[in-house]
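**Q** Attaching a single structure in structure tokens format; questions to follow.
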Amino acid sequence: MPDAFLSHSSKDDTIVTRLHDDIEASIEGFDVWVDHKDIQEGENFQTAIDQNLARCPFLIVALSPHSIASD
């Protein structure tokens, strides 16, 4: 089970990937779930997000102009 769910705008995928990788590299054994890296091919996108959001004990929100403007 992932330790944290990383919420962000898909327009910020590049910087969020760096954030994801930096967190996992700096905290041994800490698993951060982020959609564009962790959803498997053929997996239902919304179901994967809902399930992982519900089971992760921590939430990380990448707040940006893109995320604020996103529905």
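The values are calculated or read from the model by the stated rules, or taken from the named source; none is laboratory data. What you are looking at is a predicted structure, and each value in this text was computed from that prediction instead of being measured. Because the Cβ atoms are built from the backbone with ideal geometry, glycine has one as well, and the counts that use them run over all protein chains shown. For the accessible areas, the whole protein counts, side chains as well, though only heavy atoms, and no ligand, DNA or RNA atoms are used. Shrake-Rupley method; radii C 1.70, N 1.55, O 1.52, S 1.80 Å.
**Q** Can you tell me which residue in the stretch 1-18 is farthest from residue 37 (Cα to Cα), limited to those that are among the aliphatic types (A, V, I, L, M) and surrounded by fewer than 17 Cβ atoms within 10 Å (Cβ to Cβ)?
**A** Per the criteria, the residue is 1.
**Q** On to the next question. Starting from the stretch 15-42, keep only residues that are modelled with pLDDT of 95 or more, then list their pairs with residues that are of a type in the set (S, T, N, Q) and open to solvent by less than 80 Å² (accessible area, probe 1.4 Å) whose Cβ atoms are within a distance under 7 Å, requiring at least 6 positions of separation or different chains.
**A** 33/52; 37/17
**Q** If you take the residues in the stretch 27-64 that are of a type outside the set (A, V, I, L, M, F, W, C), open to solvent by less than 90 Å² (accessible area, probe 1.4 Å) and assigned to a helix (DSSP H, G or I), which one is farthest from residue 8 (Cα to Cα)?
**A** Ranking the candidates gives 47 first.
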